[in-house]
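Quick notes on the structure that follows.
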Amino acid sequence: KTAVASNQALTPVAFQDRVGLLKQPVGHATLGKLRSGAGLAASCLATLEFLEIPIPEATVAIQGFGGLAAGAAHFLHQAGVKIIGLADREKSLISPDRSPLDIPDLLARTCRDCQENGIIPKCGNALPYGPREAIYSVPCDVFIPAAIEKAVTQQEAESIPVKAIASGANLAVTDEAEKILHRRSIPVIPDMVAGCGGSLSMDGLFGPDTLPAVEDVLNHVDRKTRSIVQEILQRSRKDGLTPREAALLICAEAPLH
């Protein structure tokens, strides 16, 4: 941030004004804590659009409930997506009738320790909890691994009942799993794209000539992420590549300025 401020000749006051936006409240947290989740949600929404799945009918399951996963859940719920399954390292919470989970209530009940450890709160919920592995058996449109690496291995890739995967966590899907999912015609948005909301937020924060609003930063993350994901998926379909291969090819072809 300091390097960007110096390069753009921002005064100390102007720099602090922009950095201060990261502490502004957004939903249950702040812009700084939710910006990565905003990018992950946008990658999911762009994938649904590419697959021509109407948002009001779309279903999502999320592995994780830490900052990234909870942020994605917040923005997806706002967009009208039905989140029907959640899991943390201890348990899963899955809707028995495919009705959406009460995300605002879960976020409101999440204590600081739960947030830091990615734990779904137990208090106040009427649904039964299941084993954490049950999240891999939830039929849904998009599965979002947003907690740990190697969340989707060859074993899960062979049978997971989804139409797409948006990899929020770094290295969430193994190379072997990506190939299997590609053969099953299940696109996997790579972690380097689905998880880049934090970096894109810096562009939205420091890029404008004047001080942006919080919504301006979030809209920038949403717009840029959707554009990138759409380009990758279109290239993937056109050339018969995995989305990761398509993304790397697009990067290699991009001119340096």
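The values are calculated or read from the model by the stated rules, or taken from the named source; none is laboratory data. Given the structure is predicted, the values throughout are model-derived calculations rather than measurements. No Cβ is skipped: glycine too gets one built from the backbone with ideal geometry, and neighbour counts run over all protein chains shown. For accessibility, only protein heavy atoms count, side chains too; no ligands or nucleic acids. Shrake-Rupley method; radii C 1.70, N 1.55, O 1.52, S 1.80 Å.
Annotations
- Tally of residues being open to solvent by 30 Å² or more (accessible area, probe 1.4 Å) and not in a loop (DSSP other than H, G, I, E, B) across the range 205-219: 3
- Verdict on Leu45 being at pLDDT 95 or above, more than 19 Å from Val193 (Cα to Cα) and crowded, with 18+ Cβ neighbours inside 10 Å: no
- Residue that is nearest to Ile160 (Cα to Cα) [pool: residues in the range 194-232 that are touching a residue at least 24 places away in the same chain (Cβ under 8 Å) and touching a Pro at 6+ places or on another chain (Cβ under 8 Å)]: Ile232
- Set Val4, Val19, Val13: member being among the β-branched types (Val, Ile, Thr), part of a helix (DSSP H, G or I) and surrounded by fewer than 14 Cβ atoms within 10 Å (Cβ to Cβ): Val13
- Any hit, the range 77-88, residues being outside any loop (DSSP other than H, G, I, E, B), modelled with pLDDT under 95 and touching a helix residue (DSSP H, G or I) at 6+ places or on another chain (Cβ under 8 Å): no
- Scanning the range 67-105 for residues that are over 16 Å from the mean Cα position of the chain (by Cα) and under 23 Å from Gly197 (Cα atoms) yields a single hit, Pro104.
- For the range 189-203, the criterion of being open to solvent by 10 Å² or more (accessible area, probe 1.4 Å), modelled with pLDDT of 95 or more, touching a Leu at 6+ places or on another chain (Cβ under 9 Å) and under 15 Å from Ala72 (Cβ atoms) is satisfied by at least one residue.
- Matching residues, the range 230-251, being among the charged types (D, E, K, R), closer than 16 Å to Ser43 by Cβ and open to solvent by 60 Å² or more (accessible area, probe 1.4 Å): Glu231
- Pair list, Cβ under 8 Å, 6 or more apart: the range 244-257 residue farther than 9 Å from Ile232 by Cα, other residue among the charged types (D, E, K, R): Leu249/Arg235; Leu249/Asp239
- Leu127 being touching a residue at least 12 places away in the same chain (Cβ under 8 Å), within 30 Å of Asn7 (Cα to Cα) and not small (Gly, Ala, Ser): no
- Residues located in the range 143-158, provided they are open to solvent by 80 Å² or more (accessible area, probe 1.4 Å), part of a loop (DSSP other than H, G, I, E, B) and of a type outside the set (Asp, Glu): Ile148, Lys150
- Test: residue in the range 59-69 that is open to solvent by less than 40 Å² (accessible area, probe 1.4 Å), within 18 Å of Ala172 (Cα to Cα), assigned to a helix (DSSP H, G or I) and in contact (Cβ under 8 Å) with a residue 40 or more places away in the chain: yes
The rows are residues; the columns are (1) modelled with pLDDT under 95; (2) open to solvent by less than 80 Å² (accessible area, probe 1.4 Å); (3) within 22 Å of Ile189 (Cα to Cα); (4) in a strand (DSSP E or B).
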position: Pro96; (1), (2), (3), (4): yes, no, no, no
position: Asp105; (1), (2), (3), (4): yes, yes, no, no
position: Cys114; (1), (2), (3), (4): yes, yes, no, no
position: Lys122; (1), (2), (3), (4): yes, no, no, no
position: Asn125; (1), (2), (3), (4): yes, yes, no, no
position: Asp141; (1), (2), (3), (4): no, yes, yes, yes
position: Ile160; (1), (2), (3), (4): no, yes, yes, no
position: Ala164; (1), (2), (3), (4): no, yes, yes, yes
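- Pairs, first more than 24 Å from Gln230 (Cβ to Cβ) in the range 161-176, second open to solvent by less than 100 Å² (accessible area, probe 1.4 Å) and in a loop (DSSP other than H, G, I, E, B), C-beta under 7 Å, six or more apart: Pro161/Pro139; Thr174/Thr153
- Any chance Ile83 is open to solvent by less than 20 Å² (accessible area, probe 1.4 Å), on the phi < 0 side of the Ramachandran plot, without any contact (Cβ under 8 Å) to a residue 40 or more places away in the chain and of a type outside the set (Ser, Thr, Tyr): yes
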